[in-house]
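The values are calculated or read from the model by the stated rules, or taken from the named source; none is laboratory data. This structure is a prediction, so every number in the text was calculated from the model and none was measured. FYI the Cβ positions are ideal-geometry reconstructions off the backbone, even for glycines, and counts take in every protein chain you see.
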Amino acid sequence: MQREKGISIYPFHASLKDNLEYIEKAAHYGFTRAFTCLLSVDTSKKDQIIKEFKETIEFAEKKGIRVIADVAPNIFSELDISYDDLTFFGNLGATGIRLDLGFSGNEEAWMTFNPQGLKIELNMSQKTHYLDTIMDYKPNVNNLIGSHNFYPHRFTGLSREHFEYCTNQFKKYHLRTAAFVKAPSASVGPWPVSDGLCSLEEHRDEALSYQVKDMFLNLDMHTVLISETFASDEELEIMGKIDPYMLQLEVELLNNIPATEKAIVLEEKHFHRGDEGEYLIRSTQSRVKYKANKFPVFNPSPIKRGDILIESSEYGTYAGELHIARKDMPNSGRTNVVGKIANKEIALIDKIEAWQKFELIEKK
């Protein structure tokens, strides 16, 4: 399934002008999805809600950004909407609605047959048989998708184990999945209290690039969204440049390493061998391509976790092979340390599996 990046927009929590400018910037950097929330608005102002949400959503759609609106059963009753008539949301221009809290299962199944073609997005973060119940009622799976919650209170976010368990319930039915990450500069969300909105608790203090790569490439999300607004131009650009299919790790190289070693690091396509060990990620094709080259010893320093290594000719058939160290270890005196994985992304090396492809990109 195609992967996409998204933002969040909150009418009534920020000015219309600021929201539209933010949408324009996100579209420029390749974002194609947006989350918005009806849970925290004053539903007594129905006409005003319709006007501002409609203008915001229509502008986003023109910029190629599709919008899912978060709702709950109480919103249906307060706005006098029935689950079997979703015209209200169609008139807003939304691509779909997210059910923060659901119904009994049969209602959700009927909702997927709405004539407006709205996507019905389910809350993925509850460890129940809710999705199985909906599937028992034979929904239109083409209109059924899911997304995890986000958590404004520190230490309340999902554990990785729980996240993966709940995600697998949706993968079982081949449904699209989504989750949220936090951008450090973004601070406007749907609720007055926030320690940074994220789906996975362990992401709360991590760099944005790490969170996004982890979500796409280790947790296999189809859509990753920044949960709060307004992320900075720099953060939008960083996320916009991330390849959601190929793991790209930022590296810091030593000054003046030989041209061949530099080419091996930055120009070759790497993959981790299938017979993996616990100490090294091994990319071995460079030793084949460059077997005629001489690789002198020039920096046999002690090896630290995250170091990038290229074997010297003194290692015989291993000469020219690239390694990434997963643990500290002594250097035999035959291995050159040529650089390291950027600190903010070192944790990603623990998630690289056998045969996984990756690229190394020099940190600017």
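Among the conditions (1) at pLDDT 95 or above; (2) crowded, with 16+ Cβ neighbours inside 10 Å; (3) of a type outside the set (G, A, S), D100 misses just one, which is (1).
Per the listing T177, T167, T128, the residue uniquely of a type in the set (V, I, T), out of contact with any Lys or Arg (no Cβ under 8 Å at 6 or more places or on another chain) and closer than 22 Å to H203 by Cα is T167.
Residue-wise test of (1) part of a loop (DSSP other than H, G, I, E, B); (2) farther than 16 Å from Q248 by Cα; (3) at pLDDT 95 or above; (4) basic (K, R).
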position	(1), (2), (3), (4)
L309	no, yes, yes, no
G316	no, yes, yes, no
G339	no, no, yes, no
D350	no, no, no, no
F358	no, no, yes, no
I361	no, no, yes, no
K364	yes, no, no, yes
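Can you tell me which residues in region 50-84 are within 24 Å of R176 (Cα to Cα) and of a type outside the set (A, V, I, L, M)? I'd like the intermediate steps shown before the answer.
Step one: filter region 50-84 for residues within 24 Å of R176 (Cα to Cα), giving 57-58, 60-73, 83-84.
Listed by number, the residues that qualify are E58, E61, K62, K63, G64, R66, D70, P73, Y83, D84.
Take the conditions at pLDDT 90 or above and surrounded by fewer than 22 Cβ atoms within 10 Å (Cβ to Cβ) and apply them to D80. Does it pass? For D80, the condition - at pLDDT 90 or above and surrounded by fewer than 22 Cβ atoms within 10 Å (Cβ to Cβ) - is not met. Within region 162-207, the set of residues being in a strand (DSSP E or B) and modelled with pLDDT of 95 or more comprises R176, A178, A179, F180, V181, C198, L200. Is there a residue being surrounded by 19 or more Cβ atoms within 10 Å (Cβ to Cβ), closer than 24 Å to G339 by Cβ and not small (G, A, S) anywhere in region 174-187? No, there is no match, as no residue in region 174-187 is surrounded by 19 or more Cβ atoms within 10 Å (Cβ to Cβ), closer than 24 Å to G339 by Cβ and not small (G, A, S). Being surrounded by fewer than 19 Cβ atoms within 10 Å (Cβ to Cβ) and in contact with a His (Cβ under 9 Å, 6 or more places away or on another chain) is a condition met by no residue of region 324-346.
Going through V181, V188, V193 one at a time, which residue ends up being assigned by TED's automatic domain parsing to the domain that holds K127, touching a residue at least 60 places away in the same chain (Cβ under 8 Å) and aliphatic (A, V, I, L, M)? Spell out how you get there, then give the answer.
Working: V181 fails: touching a residue at least 60 places away in the same chain (Cβ under 8 Å); V193 fails: touching a residue at least 60 places away in the same chain (Cβ under 8 Å).
Residue meeting the stated conditions: V188.
When we screen T56, T87 for residues that are crowded, with 16+ Cβ neighbours inside 10 Å and among the polar types (S, T, N, Q), the only hit is T56. Is one or more of the residues making up region 294-303 charged (D, E, K, R) and in contact with an Asp or Glu (Cβ under 9 Å, 6 or more places away or on another chain)? For region 294-303, residues charged (D, E, K, R) and in contact with an Asp or Glu (Cβ under 9 Å, 6 or more places away or on another chain): absent.
Out of all the residues in region 199-208, is one or more surrounded by 15 or more Cβ atoms within 10 Å (Cβ to Cβ), under 24 Å from H323 (Cβ atoms) and either among the basic types (K, R) or not assigned by TED's automatic domain parsing to the domain that holds T156 (or both)? No, every residue in region 199-208 fails to be surrounded by 15 or more Cβ atoms within 10 Å (Cβ to Cβ), under 24 Å from H323 (Cβ atoms) and either among the basic types (K, R) or not assigned by TED's automatic domain parsing to the domain that holds T156 (or both). Which one is nearest to M221 (Cα to Cα) among residues in region 136-173 that are crowded, with 19+ Cβ neighbours inside 10 Å and without any contact (Cβ under 8 Å) to a residue 40 or more places away in the chain? Within region 136-173, the match that is nearest to M221 (Cα to Cα) is G146.
Of the helices (runs of 4 or more DSSP H) lying entirely inside region 1-105, those carrying at least 3 residues that are more than 23 Å from the chain's Cα centre (by Cα), assigned by TED's automatic domain parsing to the domain that holds F230 and in contact (Cβ under 8 Å) with a residue 40 or more places away in the chain are 46-62. Quick check: is even one residue across region 130-140 part of a loop (DSSP other than H, G, I, E, B) and charged (D, E, K, R)? Yes, because at least one residue in region 130-140 is part of a loop (DSSP other than H, G, I, E, B) and charged (D, E, K, R).
Would region 276-295 turn up any residue that is under 30 Å from D195 (Cα atoms) and either part of a strand (DSSP E or B) or of a type outside the set (K, R) (or both)?
So far as region 276-295 goes, no, none of its residues is under 30 Å from D195 (Cα atoms) and either part of a strand (DSSP E or B) or of a type outside the set (K, R) (or both).
Looking at region 239-261, which of its residues are farther than 24 Å from K289 by Cβ, of a type outside the set (D, E, K, R) and outside any loop (DSSP other than H, G, I, E, B)? Within region 239-261, M239, G240 meet the criteria.
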